[in-house]
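See structure below.
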Amino acid sequence: MLYLDSSALVKRYSDEKGSPAVVARFESGEKIFTSMLSFGEVHSSIARKFRSRELSSLELAKLRECFLDDWLFGLSVLNMDGSTMSELPRLVEEYDLRAGDAIQLSTAIWLKDTNRLQRRRDRLDENVEFGVADKRLAMVANDCGFVVFNPEDED
């Protein structure tokens, strides 16, 4: 089970360091989670590449379509609500995190805790990995007990 923050997720839609590792995780068929926040962050990243002329209009439309297809059919999207944000106050107090990073990590912690309860009930042995390409956030996630998947380290 893999949770991808937007810094890792966006690698699925561009050819950059770490992209092959993210694509491989999608192709493996495992369940991949992300936060509702990623919708805006991935669209913003794709648009930024278009504005800087790294993408043509046709490429922009293709990437948007690919992302929307994943969003609707390939990702398990977690809402931003009181439950998934419950760890956010502690995270920003304890660590120097940007708001978006704290939202992503808080959501992943909620998933990990919920998964732990379900595993105990169903006697399963599946942990949640935290996928992130930001080294600072990866260190915090590791400190919070996650096995970290940094796609840039996989190439």
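The values are calculated or read from the model by the stated rules, or taken from the named source; none is laboratory data. Predicted, not measured: the structure shown is a model, and the values here were computed from it. Methodologically, a virtual Cβ is constructed for each residue, glycine included, from the backbone with ideal geometry; neighbour enumeration extends over all protein chains shown.
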Is it true that LYS62 is basic (Lys, Arg) and in contact with a strand residue (DSSP E or B) (Cβ under 8 Å, 6 or more places away or on another chain)?
no
In segment 80-95, what count of residues is obtained for those that are surrounded by fewer than 13 Cβ atoms within 10 Å (Cβ to Cβ) and in contact (Cβ under 8 Å) with a residue 40 or more places away in the chain?
0
Quick check on this structure: which one of THR114, THR107, THR84 is polar (S, T, N, Q), in contact with a helix residue (DSSP H, G or I) (Cβ under 9 Å, 6 or more places away or on another chain) and in a helix (DSSP H, G or I)?
THR107
What's the total number of residues in segment 54-79 that are touching a residue at least 40 places away in the same chain (Cβ under 8 Å), closer than 30 Å to CYS144 by Cβ and of a type in the set (A, V, I, L, M)?
3
Residue that is modelled with the lowest pLDDT [pool: residues in segment 53-79 that are acidic (Asp, Glu) and either closer than 12 Å to PHE33 by Cα or assigned to a loop (DSSP other than H, G, I, E, B) (or both)]
GLU54
Residues of segment 6-18 that turn out to be in contact (Cβ under 8 Å) with a residue 40 or more places away in the chain and surrounded by fewer than 19 Cβ atoms within 10 Å (Cβ to Cβ), as a count:
2
Only one of GLU30, GLU41, GLU16 is under 19 Å from VAL132 (Cα atoms), in a loop (DSSP other than H, G, I, E, B) and within 16 Å of the chain's Cα centre (by Cα); which?
GLU30
Could you check how many residues of segment 117-134 are surrounded by fewer than 17 Cβ atoms within 10 Å (Cβ to Cβ) and either part of a loop (DSSP other than H, G, I, E, B) or at pLDDT 95 or above (or both)?
5
Which one of these is in contact with a strand residue (DSSP E or B) (Cβ under 6 Å, 6 or more places away or on another chain), of a type in the set (Gly, Ala, Ser) and within 22 Å of GLY100 (Cα to Cα): SER7, SER83, SER45, SER76?
SER76
